[in-house]
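Here the structure is laid out as C-alpha cells; the discussion comes afterwards.
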Amino acid sequence: MGAVRLLLVPLSLVAGAVGLVAVQGVSARRTIERLPEADGLEDTRGPFSGAPLHLVVLGDSVAAGVGIAHHAATLAGRLAGLLSDGHAVRRAVVAQSGLTAGGVLDLVDSRAAELASADVVVLSVGVNDAKGLHSTRRWRAELTALLDALSRTAPRAQVVLLGVPDMSMFTRLPRPLRSVMGLRSRALDRAGRSIVSSYPSVQHLPLNGPAFDVERPFASDGFHPSEAVHAAFADEIHRLL
C-alpha cells in the first residue's frame, strides 16, 4: 500500500499540472488581443528594368504581418526593399494566421501557380505547432512534406526557414504554460534545423541571436513580433541570401 501511495502522489501532481496548463492555454487564447494582418501590400518595388526578382513570404501570422499596420514595415516589405538594390522586386505574401506546418502545406498546394516563379521564399511556421503541442515526430513528417512540396512547386527558389522562437520568452504567457511552450518550441526548432540540412536550397535562420535583442520585441498583443523584430528578420535573411 505504501508503494501505491508513493505512486499516486506524483501522478496526481502531474494530472494537476496538465490540467493547469490546459486551462491557461484556453485563457490565453481568449485574452490575447486579436490583431489584424498588415495592410497595403504592393506588388513591386525598385527600378523596373529587366525581369523582377520574385519574393514570396509564406506561412503563418508572422508572414501575414499580424500586429503590424502596413506591409511596408513587415518582413515582406523590409526584405523587398533590401533586395531591390539594382533591380525590381515582385513581392507576394501567401499566408494565413493560425496555420501549422500541415496547414501551410495545404496553402502551397492551393497557390502552386503563384509560387512556381518564386526566386526567394521565406517560410514562417512552427509556433502554432508548438501551441498545439504537436509531437516532434508529427512536426518532422509535416515539415518534410512541406519542404518537399516547396522544392517541387518552386524549384528555382532559395528558401529560408525561420527558426521556431523560444516561447519561454513570450512574457504574455503565464507560467507554467510558458515553460511548457518553451520546451516544445525548442524541440521543434532543433528538429527543423536538422531537417533543413538535407535540402541544399533551404537555409535555417535561428531567431535567438543578438540581432533579435531589441528593446520592444512584441507587438501590442505581447505575442506577435514587433516592427523592430520584422526589420531584424529582413536584415538577417538579406545577409543569408
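Below are the figures for this structure:
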{"quantity": "Of all residues making up segment 100-119, the number that are in contact (Cβ under 8 Å) with a residue 40 or more places away in the chain, over 16 Å from the mean Cα position of the chain (by Cα) and within 25 Å of residue 241 (Cβ to Cβ)", "calculated": "6"}
{"quantity": "All positions within segment 173-224 that are among the basic types (Lys, Arg) and either buried (at least 18 other Cβ atoms within 10 Å of the Cβ) or closer than 27 Å to residue 37 by Cα (or both)", "calculated": "178, 184, 186, 216"}
{"quantity": "Count of residues meeting criterion [part of a loop (DSSP other than H, G, I, E, B) and surrounded by fewer than 19 Cβ atoms within 10 Å (Cβ to Cβ)] in segment 90-109", "calculated": "3"}
{"quantity": "Top-ranked residue in segment 142-172 [being over 16 Å from residue 105 (Cα atoms) and among the charged types (D, E, K, R); ranked as least open to solvent (accessible area, probe 1.4 Å)]", "calculated": "166"}
{"quantity": "Selected residue (only one of 230, 238 is open to solvent by 60 Å² or more (accessible area, probe 1.4 Å), in a helix (DSSP H, G or I) and in contact (Cβ under 8 Å) with a residue 60 or more places away in the chain)", "calculated": "238"}
{"quantity": "Among residues of segment 125-163, those that are free of Cβ contacts under 8 Å to residues at least 60 places away in the same chain, over 25 Å from residue 114 (Cβ atoms) and not small (Gly, Ala, Ser), counted", "calculated": "7"}
{"quantity": "Pairs, first closer than 16 Å to residue 238 by Cβ in segment 71-97, second of a type in the set (Ser, Thr, Tyr) and not in a helix (DSSP H, G or I), C-beta under 8 Å, six or more apart", "calculated": "75/124; 87/49; 89/44; 91/44"}
{"quantity": "Selection within segment 137-183 - of a type in the set (Val, Ile, Thr) and closer than 26 Å to residue 94 by Cβ", "calculated": "144, 153, 159, 160, 164"}
{"quantity": "Residue 72 being assigned to a helix (DSSP H, G or I), open to solvent by 20 Å² or more (accessible area, probe 1.4 Å), in contact with a Gly (Cβ under 9 Å, 6 or more places away or on another chain) and modelled with pLDDT of 90 or more", "calculated": "yes"}
{"quantity": "Yes/no for residue 79 being open to solvent by less than 20 Å² (accessible area, probe 1.4 Å) and over 26 Å from residue 178 (Cβ atoms)", "calculated": "yes"}
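The values are calculated or read from the model by the stated rules, or taken from the named source; none is laboratory data. If you're wondering where the values come from, they're calculated on a predicted model, not measured in any experiment. Every residue, glycine among them, receives a Cβ derived from its backbone with ideal geometry; neighbour counts consider all protein chains shown. The accessibility values were calculated without ligands, DNA or RNA, using every heavy atom of the protein model including side chains. Shrake-Rupley method; radii C 1.70, N 1.55, O 1.52, S 1.80 Å.
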